[in-house]
1. State the Cα centre-to-centre distance between the stretch 149-194 and the stretch 26-41 in whole Å.
2. At 1.4 Å probe size, put 268, 419 in order of accessible surface, largest to smallest.
3. Please identify every one of the chymotrypsin sites (Phe, Trp or Tyr not before Pro) in the stretch 73-171 that sits in a loop by DSSP and has no more than 15 other beta carbons within 10 Å of its own beta carbon.
4. Roughly speaking, what is the stretch gain from residue 146 to residue 21, that is 0.36 nm per residue apart minus the C-alpha to C-alpha distance, in nm to one decimal?
5. Identify which of the listed values of log10 I(q)/I(0) by the Debye sum over Cα atoms at q = 0.07, 0.09, 0.10 Å⁻¹ was calculated from the structure shown: (1) -0.37, -0.63, -0.78; (2) -0.59, -0.77, -0.86; (3) -0.34, -0.57, -0.71.
6. Among rounded, prolate and oblate, which fits the stretch 319-400 when a ≥ b ≥ c are the square roots of the eigenvalues of its C-alpha gyration tensor, a/c under 1.5 means rounded, and a/b larger than b/c means prolate?
7. On C-alpha positions alone, give me the angle between the axis of helix 290-309 and the longest principal axis of the chain, in degrees, nearest 10.
8. Taking the Cα centre of the stretch 208-274 as origin, work out the dipole magnitude from +1 charges on Lys and Arg Cβ and -1 charges on Asp and Glu Cβ, in debye rounded to 20.
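The values are calculated or read from the model by the stated rules, or taken from the named source; none is laboratory data. Values in this document were obtained by computation on a predicted structure and should not be read as measured data. Positions of Cβ are generated from backbone atoms using ideal geometry, with glycine treated the same way; all protein chains shown enter the neighbour counts. Areas reflect the complete protein model, heavy atoms only, side chains present, ligands, DNA and RNA absent. Shrake-Rupley method; radii C 1.70, N 1.55, O 1.52, S 1.80 Å.
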Amino acid sequence: MGITSALNNANSGLAASARAVQVVSANIANALTPGYAARQLELSAATLGGVGGGVRVNGVTRLVDPILLGLQRDAGAALASGNSASAFWQRIETSIGQPGEGLSAALSAFDAALIAASERPDLTSRLAAVSDSAKALAAKLGGIEDTVQQLRVEADKAIANDVRSLNEGIARVDVLNDQIVKMRMGGQPTQGLEDERQALISSLSEIVPLREYPRDNGRVMLYSATGELLLDTEPAVFGFTNTVAIDAGMSVGAGLSGLTLNGRAIATGDRGPVGGGRLSTGFAVRDEAAPGVQTQIDAFARDLIARFSDPASDPTLAGAVGLFTDGGGPDSGLPGLAGRLSLNAAVDPAAGGALWRIRDGIGAAAPGPVGDPAQINRLLGALDRSLSSGPGSPLQDSAALLGDLLTAISRNRQSAEDTQTSAQTRHDTFTEAILAQGVDTDSEMQRLLLIEEAYAANARVIQTADAMLRTLLEI
């Protein structure tokens, strides 16, 4: 009986060693596999009738720190959000340009053309330079307007892609839940499916920060960071309709789609059910940041129209629109003015106008003395006159108003980059911590040597027991 027990013990030891080699080899092979969680063989002593019966293999455990994993997912969501916001403000700043470039350069060129024309008002070429620089200034504002709307279109498309990925991903997690439950009930290993599920949830957490809660038989529930249930027995479904073309007058409910969850409209801000990730930032760009920039450039365009429509800038107007117009007429007050800003056709030869009206006044009945710079000097004074761009706004000249615009854009871009850098640092820190808890090839090789020694020792026990049985049979 003793020899038989020894053989049974040794056989269970050999089986456990063989399983341990399998686990170690899988760990080493996947040391560089993203999302792979290191495996650990769980063993316990087996007993039979109160007597030792060898070793029992209880199963294989995935080594995952759920708290650290949750922190990394939150950091990944913040990083994805920061990347989106930073990219938006960088493109806005590039479109508007730094001081001395872009819009600032266009305004300076217009001012310089007026100065040159005031020195020689008799030269048609100088008057033509004023007309061309004014059109270039309007075109620059129109280009910024186009960039703002293009960024809104891209944000809308990114939202649609994220919503589709979110719906497909949550549905896939539900399928993996079912497969894991079935395989566990059948006594089959599920670590590979759990790795796939973990990686999938981590990628979805960049879109919407997710909270994962385990249930019986390996199933998990998913909640948003604010507690909105996204997966239990059935996956939640997000709804969104992509808009192909967007103009300045469109908003949520007025041409643009909001977000729904299982058919119910939900908030999309940072404090809403989907806040904190790339999805909420997409809505913030489309519905808040881009319209905010639109308002700022519209205010600058509106200021130009008001300055040059002022009788102090051109006494001949008699209530008519001045050098700059809203698509040919007075300011309509509608959003998107920067894209409609244009030179008055009366001074544009390409539109049938006459350049002498720059020198003599847009409303002048006939050309005046070619050497009189008085009207051009009044136009120059319009840029330097301190006016208020709106209720509650300070009195500023054109250069100061543009400076405030450039400063605001630069401040937002810097803030977005600082947020992105901070999020990147946090994400890198948690990622390194998770990698440190992953597969350590040195430790695995040491474990392999111990397994080899244990295997050899169990084999030696079997050899000894075999020799003892042979001796008994020979008696």
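1. 22 Å
2. Working: 268 30, 419 80 Å².
Output order, biggest surface exposure first: 419, 268.
3. Numbers: sites: 88, 89, 110; in loops: none.
Here no loop site has a sparse enough neighbourhood.
4. Working: separation 125, 0.36 × 125 = 45.00 nm, distance 6.23 nm.
38.8 nm is the gain from fully extending residue 146 to residue 21.
5. Checked against the structure: label (2).
6. Working: a/c = 2.65, a/b = 1.35, b/c = 1.96.
Note, shape of the stretch 319-400 comes out oblate.
7. Orientation of helix 290-309: about 10 degrees from the principal axis.
8. With Lys and Arg at +1 and Asp and Glu at -1, about 80 debye.
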